[in-house]
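What follows is a set of notes on a single structure, which appears directly below.
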Amino acid sequence: MNSPITQPPATQTPSTQGQGQSGDAASLHREATVIDGLVIAKWNRELFEDMRLGGLTAANCTVSVWEGFQATVDNIVSSNALMEECSDLVRPVRTTADIRRAKEEGKTGIIFGFQNAHAFEDQIGYVEVFKQLGVGIVQLCYNTQNLVGTGCYERDGGLSGFGREIVAEMNRVGVMCDLSHVGSNTSQEVILESKKPVCYSHCLPSGLKEHPRNKSDEELRFIADHGGFVGVTMFTPFLRAGVNATVDDYVEAIEYVMNIVGEDAIGIGTDFTQGHDQNFFEWLTHDKGYARRLTSFGEIINPKGIRTIGEFGNLTEALLRRGMSEQQVRKIMGENWVRVLKDVWGE
């Protein structure tokens, strides 16, 4: 199957930013730095147009899941070409200064990210190579075992010796360790091993719904207590209300997590899969993209009110409606991400 970044364009449902928003919410959303910590949508110009409609300042966009080194490099080549074609809408992000420039230019900054360290293969030097190609965030495991550690759908043997070397190299060159799909034992050992902040870029609390992908209160507290960061996803199979969820159910989960980790260690990581068909989800939910089935999501539909990236402004309004302060909303929507990325990237 083609990678998520090289698949052909697909027609996407149009949306209207700020539909139903109050004036104050719309104004705040326009002014705020808005960062999505995980987007794995189908790449095309229509996606970038919707990012602009939704007011995204920057997004961590997946360029590798099950691919090895060469296929991931090919994804990055394709991504660079598309971004060059759409340079009126997007710009690459290597530093937090690039995020600020994207805001000033009225564009969306694209951060390259992995959802699996598989592309590093068994070569520690590949970490720096990918950093030089613009990769800023790498999830260490995607659901299953790799050379680094274990994902959340297998018996968790923890961080390997090679994994400790990979974490040290990611720290050295400035790539953030992501643990969203990583097993509990491996995650804890990475959190303790890393000298720089690590993250769950896109997760939900098991306190609201039990699921192998969701994180317990203890896990959320542990990462925050060790200087880490939590991006909250809206992926409905993991939300308490499932496919019936609305943007307010998403905000309920954000508030739940914030009450555990605090208002400075939380952000957004939607896990937008916009534009993909069922074949894509079959690829994601089988080990290595083709082997045994790991899970089945059932119907995939985003919460009402934030079905598309273009509706991102409705999240700002919903946070305010929940009673959060303007300062808290600014932190959640992007300022916290900028701060923690600067800590990891060093620039």
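The values are calculated or read from the model by the stated rules, or taken from the named source; none is laboratory data. All values derive from a computational prediction rather than experimental measurement. Virtual Cβ from ideal backbone geometry, glycine too; neighbours counted across all protein chains shown. Note: areas computed on protein heavy atoms with side chains; ligands, DNA, RNA excluded. Shrake-Rupley method; radii C 1.70, N 1.55, O 1.52, S 1.80 Å.
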Exercise. Are any residues in segment 89-130 crowded, with 18+ Cβ neighbours inside 10 Å and either small (Gly, Ala, Ser) or within 24 Å of Gln188 (Cβ to Cβ) (or both), and if so, which ones?
Worked result: Ala102, Gly109, Gly113, Phe114, Gln115, Asn116, Ala117, His118, Ala119, Phe120, Val127
Exercise. How many residues are open to solvent by 30 Å² or more (accessible area, probe 1.4 Å) and at negative phi when one looks only at segment 295-316?
Worked result: 7
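Pick out the one residue from Ala81, Ala97 that is more than 21 Å from the chain's Cα centre (by Cα) and over 23 Å from Met234 (Cβ atoms).
Answer to the check: Ala81.
Could you pull out the residue among Leu315, Leu320 that is hydrophobic (A, V, I, L, M, F, W, C) and over 19 Å from the mean Cα position of the chain (by Cα)?
Leu320
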Problem set entry | Residue tally, condition more than 19 Å from Thr72 (Cα to Cα), assigned to a loop (DSSP other than H, G, I, E, B) and open to solvent by less than 30 Å² (accessible area, probe 1.4 Å), over segment 131-155 | 3
For this session: Hey, could you check segment 158-175 for residues that are assigned to a loop (DSSP other than H, G, I, E, B) and touching a helix residue (DSSP H, G or I) at 6+ places or on another chain (Cβ under 7 Å) and say which is surrounded by the most Cβ atoms within 10 Å (Cβ to Cβ)?
Result: Leu159
Exercise. Between a first residue in segment 228-239 that is over 11 Å from Phe272 (Cα atoms) and of a type outside the set (S, T, N, Q) and a second residue that is surrounded by 24 or more Cβ atoms within 10 Å (Cβ to Cβ) and modelled with pLDDT under 95, which pairs have beta carbons less than 9 Å apart while being 6 or more apart in sequence or on different chains?
Worked result: none
Exercise. Is segment 176-199 home to any residue that is among the hydroxyl-bearing types (Ser, Thr, Tyr), in contact with a Cys (Cβ under 9 Å, 6 or more places away or on another chain) and in a loop (DSSP other than H, G, I, E, B)?
Worked result: yes
Exercise. Picking from Gly289, Gly269, which residue would you name as being in contact with a Gly (Cβ under 9 Å, 6 or more places away or on another chain), surrounded by 15 or more Cβ atoms within 10 Å (Cβ to Cβ) and either under 23 Å from Thr144 (Cα atoms) or basic (Lys, Arg) (or both)?
Worked result: Gly269
Exercise. What pairs can you find where one residue is in segment 259-280 and of a type in the set (D, E, K, R), the other is open to solvent by 20 Å² or more (accessible area, probe 1.4 Å), and their Cβ atoms are less than 7 Å apart, with a gap of 6+ or different chains?
Worked result: Glu263/Gln328; Glu263/Lys331; Asp264/Lys331
Problem set entry | Only one of Ser201, Ser184, Ser216 that is open to solvent by 20 Å² or more (accessible area, probe 1.4 Å), at pLDDT 95 or above and closer than 30 Å to Tyr126 by Cα | Ser184
Exercise. Taking helices (runs of 4 or more DSSP H) that do not extend beyond segment 33-105, which have at least 1 residues that are at pLDDT 95 or above and among the aromatic types (Phe, Trp, Tyr)?
Worked result: 45-53, 69-85
For this session: Identify, from the list Gln123, Gln115, the residue that is over 19 Å from the mean Cα position of the chain (by Cα) and touching a residue at least 40 places away in the same chain (Cβ under 8 Å).
Result: Gln123
